[in-house]
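First the structure, in the form of structure tokens, and then the observations on it.
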């Protein structure tokens, strides 16, 4: 009886190219839109997880290993598995629905998402979100 | 072993309450619609049959945990649950949206797992 599909919720994408990837809900469209007459949401997720960093890595190697590749996508609720985790990263201004219209807009949105997610990863918080889901 | 043995009496009362919900309330039957009602926070109680596949059962329980909705594990399989709903088909899980005149939600909050 509590709405849990809210912005900031960490979800796992279940279908499509990004199946198995963790993502965070940026914006919900519970009643759908004219183009998508079903409940869906805009998610920003991790395309490529950051690699495991070892203590003996040099600073350059650590920087290279801590890179995150992000994606932005509109996903049907049916193709998501919500989790009990949240990720309060402010992505609303970076990622908007109209940033999915053209390819280069999508690329800039993904780059912004990448930047925000990378700085969140470097703080060491939300460790679960940045670990690959093994299956 | 002090197991919470489901006596015949409570089992019958659940059936009675379910019958009242079927008559006077709103409900949906089936896994897809149960998840739908949990997502849009319309569901108030979820009932799962005992022969529901464990992965599906866990998934429904997880969604219900997120939505803070009670789950009741029905003491019977999907054939029995379908009969209890007055249907001639099997029902593995159902979601009660509006209990109508029944007190099924008040009498089992959180569900007895």
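The values are calculated or read from the model by the stated rules, or taken from the named source; none is laboratory data. Treat the numbers as computed from the prediction; the structure is a model and nothing was measured. Cβ atoms come from the backbone with ideal geometry, glycine included; neighbour counts cover every protein chain shown.
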When the residues of region A:37-65 are filtered to those that are in a strand (DSSP E or B) and under 16 Å from residue A:9 (Cβ atoms), which remaining residue is farthest from the chain's Cα centre (by Cα)?
A:40
Within region A:81-106, track down each residue that is in contact (Cβ under 8 Å) with a residue 12 or more places away in the chain, surrounded by fewer than 15 Cβ atoms within 10 Å (Cβ to Cβ) and assigned to a helix (DSSP H, G or I).
A:97
Looking only at residues that are at pLDDT below 95, part of a loop (DSSP other than H, G, I, E, B) and within 14 Å of chain B (Cβ to nearest Cβ) in region A:6-36, which one is farthest from residue B:42 (Cα to Cα)?
A:8
Only one residue in B:31, B:27 is within 14 Å of chain A (Cβ to nearest Cβ), touching a helix residue (DSSP H, G or I) at 6+ places or on another chain (Cβ under 7 Å) and touching a residue at least 60 places away in the same chain (Cβ under 8 Å), so which one is that?
B:31
Across region B:52-65, which residue is nearest to residue A:2 (Cα to Cα) among those that are surrounded by 16 or more Cβ atoms within 10 Å (Cβ to Cβ) and more than 14 Å from chain A (Cβ to nearest Cβ)?
B:57
Of all residues in region A:66-80 being under 10 Å from the mean Cα position of the chain (by Cα) and buried (at least 20 other Cβ atoms within 10 Å of the Cβ), which is nearest to the other protein chains (Cβ to nearest Cβ)?
A:73
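For region B:77-113, name all the residues that are without any contact (Cβ under 8 Å) to a residue 60 or more places away in the chain, surrounded by fewer than 18 Cβ atoms within 10 Å (Cβ to Cβ) and at negative phi. Don't jump to the end; show me each part of the working.
Within region B:77-113, the subset without any contact (Cβ under 8 Å) to a residue 60 or more places away in the chain is B:77-83, B:87-90, B:106, B:109-110, B:113.
Still in the running and surrounded by fewer than 18 Cβ atoms within 10 Å (Cβ to Cβ): B:77, B:79, B:83, B:87-90, B:106, B:109-110, B:113.
Those that are without any contact (Cβ under 8 Å) to a residue 60 or more places away in the chain, surrounded by fewer than 18 Cβ atoms within 10 Å (Cβ to Cβ) and at negative phi: B:77, B:79, B:83, B:87, B:88, B:89, B:90, B:106, B:109, B:113.
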Take residue B:74 and decide whether it is surrounded by 18 or more Cβ atoms within 10 Å (Cβ to Cβ), in contact with a helix residue (DSSP H, G or I) (Cβ under 6 Å, 6 or more places away or on another chain) and either away from every other protein chain (no Cβ under 14 Å) or closer than 13 Å to residue B:29 by Cα (or both).
yes
Out of everything in region B:34-50 that is crowded, with 16+ Cβ neighbours inside 10 Å and over 24 Å from residue A:38 (Cβ atoms), what residue ends up being farthest from the other protein chains (Cβ to nearest Cβ)?
B:49
How many residues does region A:38-57 contain that are farther than 23 Å from residue A:131 by Cβ and either surrounded by 15 or more Cβ atoms within 10 Å (Cβ to Cβ) or more than 14 Å from every other protein chain (Cβ to nearest Cβ) (or both)?
3
